[in-house]
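Novice: Let me give you the structure first, and then I'll get to my questions.
The values are calculated or read from the model by the stated rules, or taken from the named source; none is laboratory data. No experiment lies behind these values; they were computed from the predicted model shown. Reconstructed Cβ throughout: ideal geometry from the backbone, glycine too, with neighbour counts over all protein chains shown.
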Amino acid sequence: MYIVSLIYTASLDRIDDALPAHRTYLDAQFAAGNFIAAGPKLPRDGGVIVASHMARDTLDAILAADPFAQHGVARYEVTEFKATRLAPGLNLPRPESA
């Protein structure tokens with residue numbers, strides 16, 4: 001799994017202009033099972049995405065398709081981790097190599 005930290009690199013006006021397309025992108029990634037959680041940071045200087053287990057190059061390609069990336073309004077810091085404990089009832093696919 002991955003924690004993706006988005007850091008805004010543009011004004012909030014530019015972020016807000018790209019936000020509808022970014023939300024559509026997020027909807028598609030949730031529907032595909034790629035993302036588990038997402039939301040803005042507080043204060044609003046970026047966001048956080050929790051991504052499912054996948055190859056890192058696959059995640060990089062998914063993030064490159066984000067309208068925030070395509071409009072150059074955010075950069076991404078990615079941390080991979082191995083989830084060894086999950087909240088009861090959280091239905092996540094288990095990685096094959098876990």
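Novice: Give all pairs with beta carbons closer than 6 Å in which a residue from the range 62-87 that is assigned to a loop (DSSP other than H, G, I, E, B) meets a residue that is surrounded by 18 or more Cβ atoms within 10 Å (Cβ to Cβ) and among the aromatic types (Phe, Trp, Tyr); count only pairs at least 6 apart in sequence or on separate chains.
Specialist: 66/25
Novice: What number of residues in the range 1-59 are assigned to a strand (DSSP E or B), touching a Gly at 6+ places or on another chain (Cβ under 8 Å) and surrounded by 13 or more Cβ atoms within 10 Å (Cβ to Cβ)? Lay out the reasoning, then the answer.
Specialist: So the first thing to find is which residues in the range 1-59 are assigned to a strand (DSSP E or B), and the list is 2-8, 35-40, 46-51.
Applying the additional criterion that residues be touching a Gly at 6+ places or on another chain (Cβ under 8 Å) yields 5-8, 38-40, 47-48.
Then keep just the ones that are surrounded by 13 or more Cβ atoms within 10 Å (Cβ to Cβ); that gives 5-6, 8, 38, 40, 47-48.
Residues flagged as assigned to a strand (DSSP E or B), touching a Gly at 6+ places or on another chain (Cβ under 8 Å) and surrounded by 13 or more Cβ atoms within 10 Å (Cβ to Cβ) within the range 1-59 amount to 7.
Novice: Across the range 1-39, what is the number of residues that are more than 12 Å from the chain's Cα centre (by Cα) and β-branched (Val, Ile, Thr)?
Specialist: Number of matching residues: 3.
Novice: Now a separate question. Just give me the residues in the range 55-79 being over 11 Å from the mean Cα position of the chain (by Cα) and either charged (D, E, K, R) or modelled with pLDDT under 95 (or both), in sequence order.
Specialist: 56, 57, 75, listed by residue number.
Novice: Here's another thing I want to ask about it. Of all residues in the range 9-29, which are farther than 13 Å from residue 66 by Cα and of a type outside the set (Val, Ile, Thr)?
Specialist: Result: 10, 11, 12, 13, 14, 16, 17.
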